[in-house]
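Heads up: the structure comes next, in structure tokens.
What follows draws every value from the coordinates through simple rules; no lab data is involved. Remember, it's a predicted structure, so these values are computed and weren't measured experimentally. Note that each Cβ is placed from the backbone with ideal geometry, even for glycine, and that neighbours are counted across all protein chains shown.
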Amino acid sequence: MEYVHGDTLEASWVGDVLSTDEKQAIVRQIADYIEQLRQLDPPQKGVVASSELGQCFDVRVGYRPFGPFNNIDSFHSFLRGNIPLENCSQVFGEVVTRFHTRKYRTCFSHADICPRNLIVRNRKIVAVIDWQFAGWYPEYWEYTKAHYAYCNADWWVRFEEGVTRYDDELAAERALWRQLDEPGMLYS
């Protein structure tokens, strides 16, 4: 590990250091990094796990390690607090049922992409930091998790213009966040 000179994107973004064109270029750079991560082949098809195929950790789920899961359906069940899919609509609404019956590929995800975790120098990203949540997740996870953190409104607009969007999945995740924001705390 080494020290990387620069400022967080958060400080540069809200400090009006960056022009509109520079912000768009940075979002394109982020989108490219995300796409590179998504192109990595999972060591085990369908697995949801940490980068080393062990337990995951993510505050979106709770403050305890969870998983690994042999498949995305098991992960989705965990996110629902193990509420059976046939009861899902009554508890969370139709959007979660639709989302949890779709098939997704497993992709590598940083799982905490936000301006505070991006280091910039000379108006370019030079480092992505804070990889503690990284792992193998459903393809939508990077996008929905990016919305879990608080960020500047201008950041959201530009981020959504530059990356692959998963709006239905985000709506379903938000429904889960409202009703069951820490499923990892339900079971030991």
R0 = 22 Å: FRET efficiency of Arg105 with Gln55, Cβ-based, nearest 0.05?
0.55
Taking the Cα centre of the range 7-185 as origin and charging only Cβ (+1 Lys, Arg; -1 Asp, Glu), how large is the dipole, in debye to the nearest 20?
220
Could you tell me how many cubic angstrom of Cα convex hull volume the range 71-151 has per residue?
113
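According to the Cα gyration tensor, what semi-axes, each the square root of 5 times an eigenvalue, does the equivalent ellipsoid of the range 1-124 have, listed from largest to smallest in whole Å?
The answer is 34, 18, 14 Å, longest axis first.
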Among the listed pairs Lys103/Lys124; Lys45/Lys124; Lys45/Lys145, which are separated by more than 26 Å between their Cα atoms?
Lys103/Lys124; Lys45/Lys124
Length gained, Val126-Thr164, 0.36 nm per residue minus C-alpha separation, equals 11.5 nm
Rounded to whole angstrom, the alpha-carbon centroid of the range 104-174 lies from that of the range 47-78 at a distance of 18
Taking the dipole of the chain about the Cα centre (Lys, Arg +1; Asp, Glu -1; charges at Cβ), the one of Phe69, Gln39, Phe108 that reaches farthest to the positive side is Phe69
Given the Cα-Cα distance of Ala171 and Ala153 and 0.36 nm per residue of separation, how much length would full extension add, in nm?
4.7 nm
Full-stretch length increase - Val4, Ala31 - with 0.36 nm per residue and alpha-carbon distance subtracted
7.6 nm
Relative contact order (percent) for the range 7-185, with alpha-carbon contacts under 8 angstrom and 6 or more residues of separation?
33
